[in-house]
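Inspection log for the structure reproduced underneath, given as C-alpha cells.
The values are calculated or read from the model by the stated rules, or taken from the named source; none is laboratory data. The shown structure was predicted, so the numbers you read here are calculated from the model rather than taken from an experiment. Because the Cβ atoms are built from the backbone with ideal geometry, glycine has one as well, and the counts that use them run over all protein chains shown. All accessible areas refer to the heavy atoms of the entire protein, side chains included, with ligands and DNA or RNA removed. Shrake-Rupley method; radii C 1.70, N 1.55, O 1.52, S 1.80 Å.
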Amino acid sequence: MMTTPDVDTSENVLFGRSRKLDDTADELHALCRQLYPICRSITGPGVRETLEILSSHIPLEIHEVPTGSQIFDWTVPEEWCCKDAFIEDLDGNRLVDFNVNCLHVMGYSTAIDTQLERDQLEPHLHSLPDQPELVPYRTSYYEKNWGFCLSEQQRNSLGEGPFRVKIDSSHTAGSLTYGELLIEGKTKQEILISTHICHPSLANDNLSGISVATYLGRLLADSRTKLHYSVRIVFIPATVGAITWLARNRDLYDNIVGGLVLSGVGDSGPLTYKRSRRGDGVIDHTLPSEMSRLDVEHELRDYSPYGYDERQFCSLGPNLPVGCLMRTPFGEYPEYHTSGDNLDFISGEQLCETLFVVAAAVEYSQYVRTYINLEPNGEPQLGRRGLYAAIGGDNDQKTSQMALLWMLSFSDGKTSTHDIHARSGLPIVDLCAAADRLEDAELLSAVAAP
Amino acid sequence: MMTTPDVDTSENVLFGRSRKLDDTADELHALCRQLYPICRSITGPGVRETLEILSSHIPLEIHEVPTGSQIFDWTVPEEWCCKDAFIEDLDGNRLVDFNVNCLHVMGYSTAIDTQLERDQLEPHLHSLPDQPELVPYRTSYYEKNWGFCLSEQQRNSLGEGPFRVKIDSSHTAGSLTYGELLIEGKTKQEILISTHICHPSLANDNLSGISVATYLGRLLADSRTKLHYSVRIVFIPATVGAITWLARNRDLYDNIVGGLVLSGVGDSGPLTYKRSRRGDGVIDHTLPSEMSRLDVEHELRDYSPYGYDERQFCSLGPNLPVGCLMRTPFGEYPEYHTSGDNLDFISGEQLCETLFVVAAAVEYSQYVRTYINLEPNGEPQLGRRGLYAAIGGDNDQKTSQMALLWMLSFSDGKTSTHDIHARSGLPIVDLCAAADRLEDAELLSAVAAP
Amino acid sequence: MMTTPDVDTSENVLFGRSRKLDDTADELHALCRQLYPICRSITGPGVRETLEILSSHIPLEIHEVPTGSQIFDWTVPEEWCCKDAFIEDLDGNRLVDFNVNCLHVMGYSTAIDTQLERDQLEPHLHSLPDQPELVPYRTSYYEKNWGFCLSEQQRNSLGEGPFRVKIDSSHTAGSLTYGELLIEGKTKQEILISTHICHPSLANDNLSGISVATYLGRLLADSRTKLHYSVRIVFIPATVGAITWLARNRDLYDNIVGGLVLSGVGDSGPLTYKRSRRGDGVIDHTLPSEMSRLDVEHELRDYSPYGYDERQFCSLGPNLPVGCLMRTPFGEYPEYHTSGDNLDFISGEQLCETLFVVAAAVEYSQYVRTYINLEPNGEPQLGRRGLYAAIGGDNDQKTSQMALLWMLSFSDGKTSTHDIHARSGLPIVDLCAAADRLEDAELLSAVAAP
C-alpha cells in the first residue's frame, strides 16, 4: 500500500493538497461505521436514512421516483420496510435475530408470522456449508419470497422445532430514492461518479464506495478552483437505481466524457480498474496513468458484462465511457456477500488511498481537452502577439514555447491534450496553459469532445 | 499426422461423429482410384463421366453452359474429346501411348495423323530433363497446338524416326460442365466450397480435393440437424469453370459468408491454409482455430494471386471471402504436375484428416452469427422472463447466465459470436444457445452479416 | 559513411549513374564555398545574389512578392540591406567587423551611427559564455532592434569604450524573393523539395541543403527519361518564405504526393529523416526504404512541430506530406547557429551521399503509383492478349507473369505499387512494367493518388 506521507501531491493543484490525508483515513472509516448497522435495500427507509447522513457532509439533492414508474424495460419496485425479523423457539428464545445483523433476513422478504416445523422452515434457510461461520447475503427482489440467512453452524444447532417465524416487513407503493451531487465546472461536459447504496451491513460492498464518493464530493465542493468539467456523483441502488438514473437523464449522455463506478474499494487488495466497454473515456485514460505516476499497485482489466453498475452505464444504448474501480474484484474474496465483509475487513488507509487516486484522476481529467486550430495555414505569427521570443537563433526550446507549437500543430478538433502529451512528452498542464494563451489570442477554440 | 482414433469429436455435434472415420479413409482413397484413369479436361466427356460417378454419392445438380457463352472477359470454350493418341514407329510399335497414361497427350491438343521425322516431332515433345523418369502434365487451352508429354528417358530412347503420330481428338461446340450440391440451411447465407475437376490422371491435384468435397457433401446431406448457413459445394473446371460459375451467380455474392477451395489435400505434408484476400470470411476465422483446437499440424499463409480458383473468387469484382486449403502447396513438391502425382502419392489417412478438419470448420462456422440487441438501454429485466436466477447475492457465475450477459452486452450488429467467444472465453455453442433464448424472448435479433 | 565507389546504382535507371559522383562531391562543396560569404537574410540582395549563382546551374524561375502582401496570418516584410557594420574604438580600430564575418551583425538590425559607452552598448551584444570562441547567429525579424554578435573572448577584450557603433543598413519596401525549378513529369502530381536560403555565413545550415537541392535539380533536368511525377524544387527564406509559397500555391496542394525539406545535410553525422505529420507521402515511404536498401546509416523520427519549414508545409491547413532530411538534427550539435558552422564543418563526401540518397528516393518515388482494375470479375483472359504463356502446366512462376497477377489482384484504386511490392516482394520496377502492359491492354487505369 502507498503510505500516506509519501504521496506525491506536487502536481495536484486543485484539491490533492487541501487536507491532511491521515485525518481523512479516520473520517472515511468513521463514516462506514456510522452507516454499517442500517438495513438498506433497493428502496425504503434504509436508503433514505443513509442519504440523510451523507447530506451532513455534502449538499445532496435527493430524488424520489414513484413506484410503478416505467424505466426502460423495468418498473420501479415497491418500497420495502423491515421492522423486525426472527426465528424463535416456542419458549421465545430468539435463535436468529434481524436486530443482531440485518443480513439475517433475506432482502425484500415478504411478511410472515407463523409456526413451522423444521422441514417446513428448511427451504427458507440460506447458509454456506463451505464457510460455516459466515452469514450469507441473499435477496429476492423480483420474485415474492421470504427467507433467513444464517451461518451453517447456527443452522446445525437450530434443533427440530417447531419454530415461531416472523418477518415484520411491508411492500408498499412509495418510491425509489437516490442522491445526486453536481459540482458545476466551466463546461456542461461532465464526469460521472456512481456508487451503489442498496446493500445492508456489508462494509467493503459498498460502504467503502459510499464513503470515498462522499469525501471526493467534499474535496471537489471545497476546492476554490472552478473545475473545467462538471463532476456528478450519484448514490443509487444497484441495477434498478442505475437504470432509473439512465432513463431519467438521457439528455446528459452526450455530455459525459468519462466516469467511474466505485465499489469494494476498502479491502487490503491492490486497486483494480475495469475499463469501460468503449474504453475511451477520460477516466479510462487518466486513472491508469495516475495510478502509474503515483506508483500505486494496481491491475487493469478489460470490460466484461458482469460486475457493478458499469453494466448499465456501458450497455449498448447509453454506451457511456464509465469504468469501475475496485480493490479485490467482487466474488474473488471469500468474504464477498457474507457477514465476513464487516468493518474489520476494510481500513481507513485503503479508503484514503482510493480517495487520493480517484481525486488525482478526476483532477488530471480536467486537463484533457480538445481544440481546433483557427489559423491552420502555416504557423500563425506568434511574435506579433507576444507569444514568441523576439530574438531568433537561440537554441533554447522552452517548454512554454514548445507547448504552443504542439497545440497549434495537432489541434485538429480530434486530438486531445492527453494525446498531445503522450506524443510530445510535454506535461499536460503546460499544454493546457498554452491552449489558454492561444484561446485568448483567438488561435485555438475548444471543441466539445474531450 | 493426427491419428484418427485420437480425434476429439466431443464438440462436433452435427456430423463429426456420425461415421467411423477409419472406413472413410478407405472410401476416400477408393474414390480417387476410381476417378484416376479418366481423361479430364476443362470440357468434354471426362468431366461428365467424373460428375456421374460423384452423383452416385451425392445428389449433384449438373450444369451445362454452351460453348461460346460470354462469361465476363472470357468465352466458354469448345468441348475437347480425345479418343486415342500415340507415337508409333513405322512397324506399328506404340512408343508413346495415351492409353497407358492420358498425361501423354498435351491437354486440348488438336487432331493430327501424319508421318514425321524426329526433328519435325521434336518441338511437340515435352519432358523434364531434371526429373528424367516423370511424364509432365501440359495443356494448351487457349492456343491451337498439339503435343506429347513423355519422360526424358523415353524421349532419349525414341530413335530417329520417322514416326507415325496420331491424335484422334475433336474440338466441337458443346458445353462446359460443372456440378453443384446445395445443402440448404435455415438462412440464405452460405458457405461456398469449390474444387477443380479438370485435371486428368493426377491424384493429389485434384482427385484429393474432389473426394474430400464429395464426402463432405455426404456428411452434410446425411446430418439430421438442419444447418444454420447453407453449404454449396461446386465441382468445376479450374479458371474458366470458376469464372463461369461467378458470371452465372452474381446474385449469390452477397450471401457468401465464407468459403474454401480444396486442392492438393492428400499428400503427406501438413495442411496449408491460404487466407482469402479479404481475410475476414468465417472460414478464415474458423479453419485456423479448428486446426489449432484439434492439434493438427498446419501452416497459414496470406493471400497471393497465384494458386487455384481462389484467384477467381477473390478477384476484385466478386471479392468473396474464399480461402484455399492444401497440404504441400502447389509447385512446392517435385511430383507436382507430373506422373509422380499418382495414387501412391496420396493416402486415405491424409484425405480423412483433411475431411475431418474441413467438416469441423464448416460446423464451427454454423455458430458464427451476429445479432443486434433490441433492448439496449441498460440490461433488460431477465428475471421476469425466467432467464435469471431468482435469488440474488450468490457468487456462482454460471456459464449460461454469463453467456446471456455477454450476448446482450456486445450484440451491436457487428460483433459476431466468434468475436464474443474470443473476448469472453465462453464456448461459442453456449453463446449461440444464449442467443437462441434471447431471440425467443425478443431481446436479440439476428443480422445478415455473419 | 557510405564510400562513393561502393554505391549500388544498379537499380537507379533515371539519373543515379549519369555522373561520376566523386566529381560531384567536389562540386557540391565548391558551391558552398562560393555562397558562404554572402550576407543573406529573409529578404534583400543577399538572397538575390544567391539565387543568381544557382541560376548558372539550373534554370530557376525567380519570384518577387511585394513587401506588404498579405500571406495568410503574415505580411511580407521589408527588404533589409546591410552595407557595413562595425564597432570601432575612437582611434578607428575596428573591434567587431561585419566584413570579416557577416554573422557579426544581428540579422535585420536597424541602422545606427553613434558613440556609446560600454554600458550602453552592452544590451546590444550577443555572445556565448559556454562557447567563448564562437560567434552566435542572431536575428530580430519581427521587432525593430539592432545588435552585434561576437565571441565571448572578443567581448571580454573590448575594453570600456567609448565606442563608435555603426550599422549601415536599410529597411525599404521591396519584395521577398524565392526561386523555383519545376521539372515536369508525365502527370501533374508532384514531389516538392524545399530548402531555405535566408541564413548568412552558415555552411551546414543551410548551404548544404542549397547545394544538394541545386545538384538534384541538375540531375533531374539532365535526365533523358521523362519523369512520371513532376518534381518542384523551391529555394525560399525560412518560415515567411515557406508561408508565402503556401499562400500563393494553394491550387497545388492536391497535386503534392510527397516532399522533403533539405536542411543541415553536410556535417559528419548520419542522416536523420523526420517524417511528415501525415506520414503517408511517397517520400515518407521511399526515403527510409532507399536508405535501408543502400545501407546508409540513418535514423527515423516522428514529426514534431519544431524544426525547419516542414512546420509550415505540415501545418493543419495545407497538411502536405513533406518530411525533413537532416544529418545531425538542428540544435543537437554545438556548432549550430554559430560561426563554428563553417566550411570545414561540412564535407563534399557527406553532401554527395545525401544527394545520392535523395536522388534514389525521388527516383524510386516515380514508381509508386496506384491503379484500378478495369476488368475485375475474375482474372481477365491474359492469354488472348499475349500476356500469358501459351502452354500451361509449367511450374515456372516468372516474375513478369507474377507481376501481372499481383497488379490485377490488388489494384483497387487505393493500394499502390509500393504496397504491392511490400506484400509480394516483387521489385517495384517489375510491377510498374506490368502495370504499363496492363494499361496498354486497357485492363488497368492509373488513378490520381500515388
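For this structure, a couple of remarks:
- Portion, in percent, of the accessible area of segment A:81-172 that falls on carbon or sulfur, probe 1.4 Å: 44 percent
- For chain C: rounded, prolate or oblate by the Cα gyration tensor [a/c cutoff 1.5]: prolate
- Residue-averaged beta-carbon neighbours from other chains (10 angstrom radius) around A:368-381: 5
- Over all pairs of different C-alpha atoms in the protein assembly as shown, the reciprocal of the mean inverse distance, the Kirkwood hydrodynamic radius, equals 38.2 Å.
- Solvent-accessible surface ranking, highest first, for B:LYS83, C:LYS226, C:LYS166 at 1.4 angstrom: B:LYS83, C:LYS226, C:LYS166
- Here the spin labels are modelled as points 7 Å beyond Cα on the Cα-Cβ line, and at A:LYS144 and B:GLU439 they lie 3.6 nm apart.
- Built amide H within the under 5 Å cut-off of C:VAL261, gap 5+: C:SER194, C:GLY323, C:CYS324, C:LEU325
- Between C:SER400 and C:LEU182, the modelled labels are 3.7 nm apart [label points 7 Å from Cα along Cα→Cβ].
- Look at the stretch C:138-151: the mean tally of other chain Cβ atoms within 10 Å of its residues' Cβ atoms is 3.
- Rounded to whole Hz, the Karplus (6.51, -1.76, 1.60) HN-Hα couplings of segment A:56-64, x for glycine and proline: 6, 9, 9, x, 6, 9, 9, 10, 10
- Per residue, segment C:370-447 exposes 41 Å² of accessible surface when a 1.4 Å probe is rolled over the protein heavy atoms with every protein chain present.
- In percent, rounded to a whole number, the relative contact order of segment C:81-172 is 44, using alpha-carbon pairs under 8 Å and six or more apart.
- Global form of segment C:370-447, assessed from the alpha-carbon gyration tensor, a/c cut-off 1.5: oblate
- Segment C:370-447: relative contact order as a whole-number percent, Cα under 8 Å and 6+ apart: 49 percent
- Accessible surface for B:LYS398 stands near 90 Å², nearest 10, in the context of the full protein assembly shown (1.4 Å probe).
- The contact between chain A and chain B removes approximately 2400 Å² from the accessible area (both sides summed; 1.4 Å probe; ligands, DNA and RNA excluded).
- Look at the Cα gyration tensor of segment A:81-172: its axes a ≥ b ≥ c give a/c of at least 1.5 with a/b at or below b/c, and that counts as oblate.
- Using the Cβ-Cβ distance between C:ARG423 and B:ALA389 with R0 set to 35 Å, the FRET efficiency from 1/(1 + (r/R0)^6) comes to roughly 0.10.
- Point-charge dipole on Cβ atoms (K/R +1, D/E -1) for segment B:81-172, about Cα centre, debye to 20: 320 debye
- Its alpha carbons considered, segment B:127-266 gives a radius of gyration followed by a Dmax of 20.2, 67 Å.
- For a straight C-alpha distance cut-off of 30 angstrom, the lysines reachable from C:LYS188 (same-chain residues fewer than eight places away being disregarded) are C:LYS226, C:LYS274, C:LYS414.
- Axis-proximal residue, chain C, for the rotation superposing C on B (Cβ, Å): C:LYS414, 13
- Choice from C:LEU431, C:LEU382, C:LEU207 showing the highest fluctuation, given a GNM over chain C with Cα pairs closer than 10 Å: C:LEU382
- Taking chain C, the Cys residues with no second Cys beta-carbon under 4.7 angstrom are C:CYS32, C:CYS81, C:CYS82, C:CYS149, C:CYS198, C:CYS314, C:CYS324, C:CYS352, C:CYS432.
- Size of charge dipole - chain A - debye, nearest 20, with Cβ of Lys, Arg +1 and Asp, Glu -1, no other charges: 1220 debye
- Our summary gives chain A a relative contact order of 17 percent, counting only alpha carbon pairs under 8 angstrom and 6 or more residues apart.
- Counted over all Cα-Cα pairs of segment A:35-188, pairs farther apart than 21 Å make up 53 percent.
- Sequence-distant residues sharing a close amide H with B:ILE256 (under 5 Å, placed H): B:GLU190
- A probe of 1.4 angstrom, applied to the heavy atoms of all protein chains, finds C:ILE53 with accessible area near 30 square angstrom.
- Accessible surface, 1.4 Å probe, highest first, among residues C:THR43, B:THR75, C:THR415: B:THR75, C:THR415, C:THR43
- Options A:PRO129, A:PRO77, B:LEU408, ranked by Cα towards positive dipole end of the protein assembly as shown, top entry (Cβ charges): A:PRO77
- Distances between placed amide hydrogens fall under 5 Å for A:THR43 paired with A:TRP80, all partners being 5 or more residues away or on another chain.
- Positive-pole candidate from A:VAL357, B:THR399, A:LEU443, dipole of the protein assembly as shown, charges at beta carbon: A:LEU443
- Directionally averaged shadow of segment B:213-316, computed from the convex hull of its alpha-carbon atoms, nm²: 7.6 nm²
- Phi angles of segment C:33-50 translate, via the Karplus equation with coefficients 6.51, -1.76, 1.60 and θ = phi - 60°, into HN-Hα couplings of 4, 5, 8, 4, x, 5, 8, 8, 8, 5, 9, x, x, x, 5, 5, 4, 4 Hz per residue; Gly and Pro are given as x.
- At 7 Å out from Cα toward Cβ: B:ALA448 inter-copy label distances (nm, ascending): 3.2, 3.3
- Rounded to the nearest 20 debye, the dipole size of segment B:370-447 about its Cα centre is 60 debye, using +1 on the Cβ of Lys and Arg and -1 on the Cβ of Asp and Glu.
- J(HN,Hα) series, segment A:245-254, from Karplus relation 6.51 cos²θ - 1.76 cosθ + 1.60, nearest Hz, glycine and proline x: 4, 4, 5, 8, 10, 4, 6, 8, 3, 5
- Gaussian network model of chain B, springs between alpha carbon atoms under 10 Å - residue of B:VAL47, B:VAL282, B:VAL429 with greatest fluctuation: B:VAL429
- By accessible area with a 1.4 Å probe, ligands and nucleic acids excluded, highest first: order of C:ARG301, A:ARG278, B:ARG155, C:ARG327: A:ARG278, C:ARG301, B:ARG155, C:ARG327
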